[in-house]
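Laboratory data are not the source of any read-out in this text; all were calculated from the coordinates shown. In this text, all values refer to a predicted model and were calculated from it rather than measured experimentally. Heads up, the Cβs are rebuilt from the backbone with ideal geometry, glycines too, and the neighbour counts pull from every protein chain shown.
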Amino acid sequence: MIIRYPMGIMQANCYLVYDEQTHDGTIIDPGGDPYLLLEEVEKHTLHIQHILNTHGHFDHTAGNASLQFLNVPLAIHPADKDLLQTGGGATWFDLPFAPSPSPTLELHDGLILTIGTLRLQVIHIPGHSPGSVCFYLAQKHALFTGDTLFAGSVGRTDLPGGNTYQLNISLQRLLAFPPETRIYPGHGPESTLIKERQFNPWLQ
């Protein structure tokens, strides 16, 4: 099961992913107050295995501290660890921020995370930030793309750490997945890779 929760002032997408057989779950990109998500966790008696950040920007990590009580690994790619621990760029926009707990799990390309019977593969896709990653859930043909690929757009590279050349390489890597793959981006609605190939102007 995949449930999307827009959170925080930027309405970044947070995802709750769980195995309906074992009730094991994971949380991807908690960018704000997670009260609705926690209601779902309690309703289905879910056992959260980890909290995953696709990258270190504040609009995807602001809820990390609120979930610390779950006492599960907090994961991010090491290239974005410093970004996470210095406020995730909130100060670039003169915004307050809640300090994130220190990550306890490093995400590396090819790492497989277990959620009950589900397997979530980590894919390092720098460009939007040095440590950006996505997560591929083969059993559901689902790709959680963070701020790298959106429906009709792609991630910005004009913030510190952004790199347009790297982003283009990362996009080509994502487009190599099966065309029926459903994308779950960091902002906005869901889409599919075949649709993005056809209609996303940044991929033409």
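So that you can scan it fast, the table gives a plain yes or no per residue for (1) free of Cβ contacts under 8 Å to residues at least 40 places away in the same chain; (2) closer than 24 Å to residue 88 by Cα:
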position: 116; (1), (2): no, no
position: 128; (1), (2): no, yes
position: 175; (1), (2): yes, no
position: 186; (1), (2): no, yes
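Close Cβ contacts (under 9 Å, 6 or more residues apart or on different chains) running from residues in region 141-156 that are under 17 Å from residue 58 (Cβ atoms) and free of Cβ contacts under 8 Å to residues at least 60 places away in the same chain to residues that are charged (D, E, K, R) and assigned to a loop (DSSP other than H, G, I, E, B) comprise 155/147; 156/147.
Check whether at least one residue in region 163-180 is within 22 Å of residue 15 (Cβ to Cβ), among the hydroxyl-bearing types (Ser, Thr, Tyr) and surrounded by fewer than 17 Cβ atoms within 10 Å (Cβ to Cβ), and report yes or no. So that I can check it myself, show each step before the final result.
In the first step, residues of region 163-180 are kept if they are within 22 Å of residue 15 (Cβ to Cβ); the result is 167, 170-171, 173-175, 177-180.
The next check asks that each one be among the hydroxyl-bearing types (Ser, Thr, Tyr); those that pass are 170.
Subset that is surrounded by fewer than 17 Cβ atoms within 10 Å (Cβ to Cβ): none.
No, region 163-180 has no match at all.
Among the criteria (1) in contact with a Phe, Trp or Tyr (Cβ under 7 Å, 6 or more places away or on another chain); (2) not charged (D, E, K, R); (3) not in a loop (DSSP other than H, G, I, E, B), the one residue 171 does not fulfil is (1). Among residues belonging to region 102-125 that are surrounded by 15 or more Cβ atoms within 10 Å (Cβ to Cβ) and outside any strand (DSSP E or B), point out the one that is farthest from the chain's Cα centre (by Cα). Result: 116. Within region 134-144, the set of residues being closer than 27 Å to residue 201 by Cα and either outside any strand (DSSP E or B) or in contact with a Gly (Cβ under 7 Å, 6 or more places away or on another chain) (or both) comprises 134, 138, 140, 141. Residue-level check: of (1) under 15 Å from residue 15 (Cβ atoms); (2) touching an Asp or Glu at 6+ places or on another chain (Cβ under 6 Å); (3) not polar (S, T, N, Q), residue 155 misses just (1). Taken over region 126-162, the criterion of being charged (D, E, K, R) and surrounded by fewer than 20 Cβ atoms within 10 Å (Cβ to Cβ) is satisfied by 140, 156, 158.
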